Amino acid sequence: MTNVYDKKTIALHWLSALLIIGLWCAGQSIDWFPKGTPRVWIRSLHILFGTLLAITIVYRLWWRATAGTKLPPAATGWQQTVAKSTHHVLYLVIISTVLLGLFNTWVRGDNLFDLFRLPEFDPGNKDLRQEVEDLHGLAANILLAIAAFHAAAGLAHHFILKDSVLSRMLPGKKS
């Protein structure tokens, strides 16, 4: 029996992590760009990569449910409960953040790469725009905090507990 995830599961995990970190950084810096084309492009890239994250998460959940390597729990008792709960909350917050981002794009009526503009949901409703943008930002911050906890737990397993939990998800391991 293998004790590492398959290559596709590992790739989807790390792609998700990179997209989440990159999207959070882009989201924090959009307003640093001057209005006009530079800001339109960074916002458009944020939307494009957010859409890629949505596709990745849907595919990842499908892969996990149908074909991905199933490993036995790495821990028991309260550690297993915390690990499983954290994974479920991570998926829930990722999906919530992506959906809020897509709704934010619709509410704003964003200009995508100066090629076309999405129609606004409720033109002139600045309160709705601000509320959805704030909720999306809050969800993204919560997601980053939970992901940091998840990463810290993996590092603690590796460096403090000295078990194989982290190595199960590292690229380059034989599955």
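Just so it is clear, none of the values below were taken in a lab; they were calculated from the coordinates. Quick caveat, the model's predicted, so the values are computed rather than measured. Reconstructed Cβ throughout: ideal geometry from the backbone, glycine too, with neighbour counts over all protein chains shown.
Measuring r between the beta carbons of Y59 and L161 and using R0 = 45 Å, the FRET efficiency lands at 0.90. The list [x] 44, 38, 29; [y] 57, 28, 28; [z] 58, 42, 31 gives values of Cα extents along the principal axes in Å, and only one came from this structure; which label was calculated from it? Computed from the coordinates, Cα extents along the principal axes in Å corresponds to [y].
For the stretch 138-146, the Karplus equation 6.51 cos²θ - 1.76 cosθ + 1.60, evaluated at θ = phi - 60°, returns couplings of 4, 4, 5, 5, 5, 4, 4, 5, 5 Hz by residue, with Gly and Pro reported as x. The phi-based Karplus calculation (6.51 cos²θ - 1.76 cosθ + 1.60; θ = phi - 60°) puts the 3J(HN,Hα) values of the stretch 118-127 at 6, x, 6, 5, 9, x, x, 8, 5, 5 Hz, whole numbers, x for Gly and Pro.
Taking only DSSP H segments of four or more residues, each worth -39500 (n - 2.57), what value at 222 nm results for the chain once the sum is divided by all its residues, to the nearest 500 deg cm²/dmol?
Helix-only estimate at 222 nm: -24500 deg cm²/dmol.
In sequence order, the stretch 72-83 has phi-based couplings of x, x, 7, 9, 10, x, 5, 5, 5, 4, 5, 4 Hz under the Karplus curve 6.51 cos²θ - 1.76 cosθ + 1.60, θ = phi - 60°, and Gly or Pro positions carry x.
Proximity of backbone amide H atoms, modeled 1.01 Å from N, is registered between D110 and L118 at under 5 Å, excluding neighbours fewer than 5 places apart on the same chain.
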